[in-house]
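The values are calculated or read from the model by the stated rules, or taken from the named source; none is laboratory data. From a predicted model like this one, the values you see are computed outputs, not experimental measurements. Here the Cβ is made from the backbone with ideal geometry for all residues, glycine too, and neighbour counts use every protein chain on show. Side chains included, ligands, DNA and RNA excluded: accessible areas come from the protein's heavy atoms. Shrake-Rupley method; radii C 1.70, N 1.55, O 1.52, S 1.80 Å.
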Amino acid sequence: MTTTTDPALDVAALVEQLTLEEKAALLGGSDVWRTTPVERLGIGKIWLSDGPHGLRAQAEDGDHLGLLAADPAVAFPPAAALASTWDADLLTRVGSAIGEEARAKGVSVVLGPGVNMKRSPLCGRNFEYFSEDPRLAGTVGAAFVQGVQSQGVGTSLKHFAANNQETDRMSVSADVDERTLREIYLPAFERVVTQAQPWTVMCSYNRINGVFASQDRWLLTDVLRDEWGFQGVVVSDWGAVLDREKAVHAGLDLEMPSSGGFGTQRVLDAVAAGELSLADVDLAVTRVLELVAKSQPALTHRPAADLDAHHALAREAATRSAVLLQNDGVLPLDPASSGTVAVVGELARTPRFQGGGSSQVTPTRVDAALPALQDVLGERVVFAAGYALDDDAPAETTAALRDEAVAAARDAEVVVLFLGLPDAYESEGFDRAHMHLPPQQLALLDALAEAGARVVVVLSNGSVVEVAPWRARAAAILETWLLGQAGAAPSPTCCWAAPTRRGGSPRPSRCATRTTPRSGTSPARPGTSATARVCSSATAGTTRAPSRSRSRSATACRTRRSRTPASPSRCSTTAPPRACASPSP
């Protein structure tokens, strides 16, 4: 459990009273989620918990991979969807709601938001990041931080920095010249730090130009603290510290989770050997104690969170996250029509509402699109699963599901077809090999089109998918990303309400996998080195050697990125996309 201390904690006096052994222990966790207490001095432990689109709080022993159960919490739309609203005020409200739930649980720091750049649509964790545009990611990230911290609960801005792939993430070196770092990969972090002062910043697993982020003094001290004025704690990603003594000297304050005493001993040995100064240790200890002290007011007053109100907010956020990519006039549908509407796709009945891994929330409830559509249309709805979510389903099962869907669509006025990526296609821990929808889903779309059906495609995916090969067979395409536990609302809203508010996707949908920055060079390919040369030309499959210079005048070697917000869809639209929601008041 979380323990409390005197709210008027005298940090300076405590640093003087602590033994060296206690100081070294304070620089690491006591278990998976909690800091180390020092009971003789009244220093309690505080609880850090996964986010960022909802609380993944594990009251007892837990895990950082999302494999074990967590307490129920409202699962809001992940960052990929929320960024599509382009609405900082909404992000503040969502952050405030998550902060309320964290406070009610006794959680002192929510691990989020993630503002890494979506350098490639193949990154398996893109659902957890906002955009490939630094300004958009930084603006909405700062708004989220301000919302959470308004409740007296801290945030952890992550993953700092240049953490743009999951493959070999524990060891890969992102080789980037300084100009590229400062123009693309650092600005979102800088904006959040300078505008919102998150209580913590989480360093990433990867190396940058050969140096692990947890041991990079230029990154953690020169840039983050001296240039940007960061005042909080630098915490490691879970398991990201190789040598704690080097990390402390670089500017890392808190290693998580517990190292079982190993990191503590390394600090003691380094101080004894003169390899780590006591001043570095005291500075890190001071920051950790200041974080503990800052957490106390919220821990002494923990009102219950209104989960029903938060579900309603999640529904509003989901509706405003949906983006209409294509429409030949079929939408909005006529609610007065008596025609049959065929709802096709297992994802309509079994929604995928969040990504996999450490951000996976145990929802308080889950709304599905099929019941929502049935509530609007009643008996006008006919449903067919159309496909299995498992690519390994027997061929005869796949064929039977497809035939059933075609039969259901034959007499329908319109088909609302739910397509998207199953859990196995994208998750924390691995990158995607391509941008295709599952083959059985594409075969179903072909069969429906050949049967003459007028098809409205509703997409569900955490990162972009190829649409150019099949867009001509769809009368309309609605991109809904992953919409959280209340994600059923956009389907009926966008199908029957005229879209009036312009919005757009936080990143473009490229026409093919070969046009992505990492195509042909990804270390996901066997036999390639674990080095991501993000300083690459826009031509697929080519790279340039990065400059190792730290100089601001380093020669640019950049991926082509727009300095304005990313266009909604370069190859999927015939008209500007429109978000399916009414204007905000």
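Relative to the Cα centre, what is the charge dipole magnitude of region 367-468, using +1 at the beta carbon of each Lys and Arg, -1 at the beta carbon of each Asp and Glu, and rounding to the nearest 20 debye?
Working: 5 positive and 18 negative charges, 75 e Å.
The dipole magnitude comes to about 360 debye.
Among residues other than V406 whose Cβ falls under 13 Å from its Cβ, what is the net charge (Lys/Arg +1, Asp/Glu -1)?
Values: positive: R402, R410; negative: D403, E404, D411, D446, E450.
After counting each charged neighbour, the total is -3.
Assigning unit charges at the beta carbon (Lys, Arg +1; Asp, Glu -1) and nothing else, what dipole magnitude in debye, to the nearest 20, does region 126-254 show about its Cα centre? Show your work: numbers first, answer last.
On the way: 11 positive and 18 negative charges, 56 e Å.
Once rounded to the nearest 20, the dipole reads 260 debye.
Give me a comma-separated list of calculated 3J(HN,Hα) values for region 439-453, in order, Karplus coefficients 6.51, -1.76, 1.60 applied at θ = phi - 60°, integers in Hz, x for any Gly or Pro.
Rounded to whole hertz, the list is x, 5, 5, 5, 5, 5, 4, 4, 5, 5, 5, 5, 7, x, 6.
Can you give me the C-alpha center-to-center distance between region 361-438 and region 71-141, rounded to a whole angstrom?
So the two Cα centres are separated by 26 Å.
If a/c stays under 1.5 just call it rounded; otherwise compare a/b with b/c (prolate if a/b is bigger, oblate if not). Do that for region 77-121, with a ≥ b ≥ c from the square roots of the Cα gyration tensor eigenvalues. Each step should come with its number before you reach the end.
Numbers: a/c = 3.22, a/b = 1.64, b/c = 1.96.
Since a/c reaches 1.5 but b/c is at least a/b, the shape of region 77-121 is classed as oblate.
Using square roots of five times the C-alpha gyration tensor eigenvalues, list the equivalent-ellipsoid semi-axes of region 229-375 in whole Å, biggest first.
Working: eigenvalues 551, 71, 42 Å².
Three semi-axes, in Å: 52, 19, 15.
For the pairs K246/K294; K118/K246; K45/K246; K23/K246, flag any whose C-alpha to C-alpha distance is greater than 22 Å.
In this structure, K246/K294; K118/K246; K45/K246 exceed 22 Å between Cα atoms.
Pick out, from A270, V234, A250, the residue whose Cα sits farthest towards the positive end of the charge dipole of region 191-286, with +1 on the Cβ of Lys and Arg and -1 on the Cβ of Asp and Glu.
V234
Within the set of other residues whose C-beta is less than 15 Å from the C-beta of R302, count the net charge using Lys and Arg as +1 and Asp and Glu as -1. Walk me through the numbers before you get to the answer.
Working: positive: R103, K105; negative: D71, E100, E101, D306.
Result for the neighbourhood of R302: -2.
For a quick check: with amide H placed at 1.01 Å from N, whose amide H comes under 5 Å from A73's, ignoring anything fewer than 5 positions away on the same chain?
T362, T364
Compute the semi-axes of the equivalent ellipsoid of region 396-487, taking the square root of 5 times each eigenvalue of the Cα gyration tensor, and list them largest first in whole Å. Walk me through the numbers before you get to the answer.
Values: eigenvalues 113, 44, 33 Å².
After scaling each eigenvalue by five and taking roots: 24, 15, 13 Å.
Roughly how many Å² is the accessible area per residue of region 22-176, as a whole number, for a 1.4 Å probe?
Working: 3440 Å² over 155 residues.
The answer is 22 Å² per residue.
Counting other Cβ atoms within 10 Å, keep those with at most 16, restrict to DSSP loop, and tell me which trypsin sites (Lys or Arg not before Pro) in region 328-434 are left.
On the way: sites: R349, R352, R365, R380, R402, R410, R432; in loops: R352, R365, R432.
Hits after loop and neighbour filter: R365.
Scan around V416 for amide H atoms under 5 Å from its own, H built in the peptide plane at 1.01 Å from N, and keep only partners 5 or more places away or cross-chain.
Residues meeting the amide H criterion: A342, V343, V344, V456.
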